[in-house]
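Right, one structure below, let's go through it.
The values are calculated or read from the model by the stated rules, or taken from the named source; none is laboratory data. Note that this is a predicted model, so its numbers are computed, not measured. A quick note on method: Cβ atoms are made from the backbone with ideal geometry, for glycine too, and the neighbour counts reach across all protein chains shown.
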Amino acid sequence: MDLESTAEPAIGIDPAPITGWFDFYFADERWEWSPEVAEIHGYQPGSVTPSTDLVMRHKHPDDLPKMAASPSTSSTTPAQKSVSMASMST
């Protein structure tokens, strides 16, 4: 039986659309983010230059130790990561 052809999505559940993106460049320790990610963080697109310090200021205090140990916050270990962000409106 081919499960892919018989599987149906859960009723009322749609995959979250991609809301934005960000990149970190190790060579010059530079962040780039989409206008949507700027808005998620409360900024008008183009009004701030993303930086590690700025990104860390938006993390929950409980997540800071984990983020501080992450390769994306260290300039010594390049790593590829994928993070999904979705806009949640009520």
(message) Just to verify a result, which residue in segment 50-75, among those that are over 23 Å from ILE18 (Cβ atoms) and not in a helix (DSSP H, G or I), is modelled with the highest pLDDT?
(response) SER51
(message) Suppose the filter is at pLDDT 55 or above and loosely packed, with under 11 Cβ neighbours inside 10 Å; does ASP2 pass it?
(response) no
